[in-house]
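Participant: Take this structure, written in structure tokens, and hold onto it; I'll ask about it next.
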Amino acid sequence: MNIRVVSLVLVVLVFALISGMISYSVSSGVSLKDAYASGKITVVQQTAAGTVPHQVMITNNASKSVKVKKGDVLSSTVSQDLVIAEDKIIASNSNATVKAYCLNPSQRAVVGAKLLPTNTTYSAITRVISSSNPSNSQSAMDAQLQIWIIASEGNLNPYTGEPVAVVDNNNITWSEFRQDIANAKSDVMSTFNVTESNIKNLNQTQSNSGSTSSWIDNTISWIKESI
């Protein structure tokens, strides 16, 4: 059999498999932002300032499951903005506690504050989250500091808002905390291969939930051109 034909058949099979997986993923739940628009979703801050990672309670009173994803942003005018740190499906008429990292270091968390799902965070921050283990205290702290480094464009002020609460809650000395911040900055520069002055450029590309769809479109075009 012609190698070209075999290759095309394999591509089609892989494409069908991935399409099926994506179809299943989509059917497994509505995005948090879309579900919130129905008015039947509540997101409430559960943990006090200085907690790493934070926890939020998401209550789903809608008729469909809600799909919570790493990188989803939760905003507030009275509490800190958060970014979700784990993927989770919340069934209809149920609730779940979800881990999240702080996005806005200058603002302290307020227990009981209602949060608003808005968009997705920058791809660099999503990458940091994906590489972390929010259930491990050291991994979570490392990720939190790196997120603050990126969010502050490399100019994190540790003497404000949430960082101060982190120091107080974790019995960290200021010299240790400043060293942890320096280490986090070095890790960010190494991971993303940027200089200190270019950390600000990491805040220019948002996570693209449609990247898989774009890949599928490109694959279809390639198959059409190859036949």
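Participant: For segment 61-140, just say rounded, prolate or oblate: build the C-alpha gyration tensor, square-root its eigenvalues into a ≥ b ≥ c, call rounded for a/c under 1.5, and beyond that prolate if a/b exceeds b/c, oblate if not.
Facilitator: On the way: a/c = 1.65, a/b = 1.19, b/c = 1.38.
Note, shape of segment 61-140 comes out oblate.
Participant: What ranking do 143-149, 172-178, 117-123, 100-106 get when scored by the average of other Cβ atoms within 10 Å per residue, highest first? Mind showing how you got there, number by number?
Facilitator: On the way: 143-149: 26.4, 172-178: 12.3, 117-123: 19.0, 100-106: 23.4.
Packing proxy ranking, top to bottom: 143-149, 100-106, 117-123, 172-178.
Participant: So, by mean Cβ neighbours within 10 angstrom, what's the order for 156-166, 189-199 with the highest one leading? Display every interim value, and only then the final one.
Facilitator: On the way: 156-166: 18.3, 189-199: 12.9.
Averaged packing, sorted descending, gives the order 156-166, 189-199.
Participant: Would you tally the net charge around GLU162, using a Cβ to Cβ cut-off of less than 13 Å, leaving GLU162 out, and scoring K and R as +1, D and E as -1?
Facilitator: Residues close to GLU162 contribute a combined charge of -1.
Participant: Using unit Cβ charges (K, R positive; D, E negative) and no other charged atoms, how large, in debye to the nearest 20, is the dipole of segment 69-174 about its Cα centre?
Facilitator: Charge dipole of segment 69-174: 240 debye, to the nearest 20.
Participant: Give the lysines whose C-alpha is closer than 23 Å to that of LYS64, dropping any in the same chain fewer than 8 places away, or say none.
Facilitator: LYS33, LYS40, LYS88, LYS99, LYS114
Participant: Taking θ as phi - 60°, what are the ³J(HN,Hα) couplings along segment 59-74 by the Karplus curve (6.51, -1.76, 1.60), each to the nearest whole Hz, with x for Gly and Pro?
Facilitator: For segment 59-74, the Karplus curve yields 10, 10, 9, 7, 8, 10, 5, 10, 9, 9, 10, 4, x, 5, 9, 10 Hz.
Participant: Given the whole protein assembly as supplied and a 1.4 Å probe, what does the accessible area of ASP187 come to in Å², nearest 10?
Facilitator: In the full protein context, ASP187 sits at about 70 Å².
Participant: Something else about it: Once you sort the root eigenvalues of the Cα gyration tensor of segment 24-159 as a ≥ b ≥ c, which label holds: rounded (a/c under 1.5), prolate (a/b larger than b/c) or oblate (the other case)? Let's see the in-between values first.
Facilitator: Details: a/c = 1.93, a/b = 1.56, b/c = 1.24.
Note, shape of segment 24-159 comes out prolate.
The values are calculated or read from the model by the stated rules, or taken from the named source; none is laboratory data. Everything numeric here is computed off the predicted structure, so don't read it as measured data. Note: ideal-geometry Cβ built from the backbone for every residue, glycine included; neighbour counts use all protein chains shown. Heavy atoms of the whole protein, side chains included, go into the accessibility calculation; ligands, DNA and RNA do not. Shrake-Rupley method; radii C 1.70, N 1.55, O 1.52, S 1.80 Å.
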